Amino acid sequence: MQNTAAAGALAALPARALAQNTPLVTVNMAGTVSDDMTPIMYGIQAGIFRKHGLELNLSPMTNGAAGIAGLLSGNFDFAKGSITTILAGHEKGVPFTIIAEDFLNSPKEPTSAFMVLKDSPIQTGKDFNDQLVASASIGDIGTMALQAWVDQHGGDSKRIKFVEIPFSAVGAAIEAGRVVAGVASNPQMTLALEAGKLRALPGIFEAIAPQYTEVVWATTKDFSAKHPDVVRNFARAWAEAVNYTNTHHAETVELTAGFTHIDAAVIARMARVLAWPTIVPAHLQPIIDASARYGLLKASFPAADVIDPNAR
C-alpha cells in the first residue's frame, strides 16, 4: 500500500548522481518507512546507486509482509522484510533469497527492548510464567528472544501467554495493566523510557545470540538468475552506503527525519539501527536455529541456503 506522505518525501530528496555512460536500470523496491531505510535513502541522495547503474523506484509499505508478497507477484524486484518471513517461505519452497542485511541486532546500542512498569517485580525468567506479554506478531523475533531468555533464566517459555499489540500501543497496554511486558521499538522505546513510567529489561534480545540479523532485503531466485548484475551492483552500492551511515549518525538525522516524519530531536537522542555492508552467515544462523528450536521452522538448515550467490 502506497504511503503518499512518505512517497512525497522520497521524491523530494536531491540526487547527486554521477555521470552515466550507460542507461540506468530501474529497480522496483518496497519497504516500510523506518530508520533502517537510512542507507537506501542516503544512497539515493548521494548518487551511490546511480553510480552503480541503478535507479531505485521505492514504494513505502505499511508492513513488511506486503512488500515480500509483492516479490512473488512480480510487483517488486527487491523488498525489505523480517528474516523470519524469508525463512518460513524458504522452508515451504518459496524461492526467496537474501541480498543484504538491513537490521543487525546489537547489544551495544539496542533499538528495541522488552518494557515493564518501572516498579514491576519482574526480574527473572520464572517471573514470566503464566503472564500475558505483548509482541508485535506472535512467533516473531521478539517472541523467540523472550522464550530463549526465560528458558535461560529459570522460567518455562511454554507458560508465557502472548498477545499481538503494535509497538505504538505497547506502552499504554503495560501502563493500563493489560499486559505485564511488551516489545517497544524506537522511537517509542526512547520516548517511553524518557517518560519515566517504564523500564527496559536488559539482555533479552541477546538471548538468541550476541549479534544477529532481524531484517533483510530479499529478492527471488528467478530475478537474481535473470539479472545477476543488478543484484551485484545493488550489493556493492549497499555496502558503500552502509559504511557511511553506520558511522555518521549525526549527519543523517535530518535525512532520516525527512522520510520517517519522526522529530529530528528524538532521532538525535535514540540509538540508531545498525545495518551491515555484507551478508555474514553467522548473523543469520542464530535466527534459523532459534526458529527451529521454538517451532517456527520444522528443522534448521545452513544459512548459505538463503543467501543470494550474486550478493556475496
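Every number in this text was worked out from the coordinates using simple rules, so none of it is lab data. No experiment lies behind these values; they were computed from the predicted model shown. All Cβ positions, even for glycine, are placed from backbone atoms using ideal geometry, and neighbour counts span all protein chains on display.
A few points about this structure:
- Relative contact order [Cα under 8 Å, 6+ residues apart], the stretch 112-207, whole percent: 44 percent
- DSSP-defined antiparallel bridges as percent of all bridges, the chain, nearest 5: 55 percent
- As a proxy for reagent exposure, Lys92, Lys197 were ordered by neighbouring Cβ count within 10 angstrom, fewest first; the result is Lys92, Lys197.
- Less than 5 angstrom separates the built amide H of Ala275 from those of Leu104, all sequence-distant by 5 or more or on a different chain.
- Packing-based ranking, highest mean first, of 94-107, 45-58 given that Cβ atoms within 10 Å are counted: 94-107, 45-58
- Within straight-line reach of Lys118, meaning a Cα separation under 26 Å, sit the following lysines at least 8 residues removed in sequence or on another chain: Lys108, Lys126, Lys158, Lys161, Lys197.
- DSSP-defined antiparallel bridges as percent of all bridges, the stretch 112-207, nearest 5: 55 percent
- For the peptides 150-160, 135-145, the ranking by packing is 135-145, 150-160, with the highest mean count of neighbouring Cβ atoms within 10 Å listed first.
- Taking other C-beta atoms within 10 Å as the exposure proxy, Leu24, Leu255 rank Leu24, Leu255 from fewest upward.
- Total formal charge among the other residues, if their Cβ is under 14 angstrom from that of Thr26, Lys/Arg +1 and Asp/Glu -1: -2
- Whole-Å distance, taken between Cα centres, linking the stretch 34-101 and the stretch 174-227: 18 Å
- Length-normalised contact order for the chain - Cα pairs under 8 Å, 6+ apart - percent: 25 percent
- Across the stretch 250-257, coupling constants 3J(HN,Hα) worked out from phi with the 6.51/-1.76/1.60 Karplus curve, θ = phi - 60°, read 4, 6, 9, 4, 5, 4, 5, 4 Hz, and Gly and Pro carry x.
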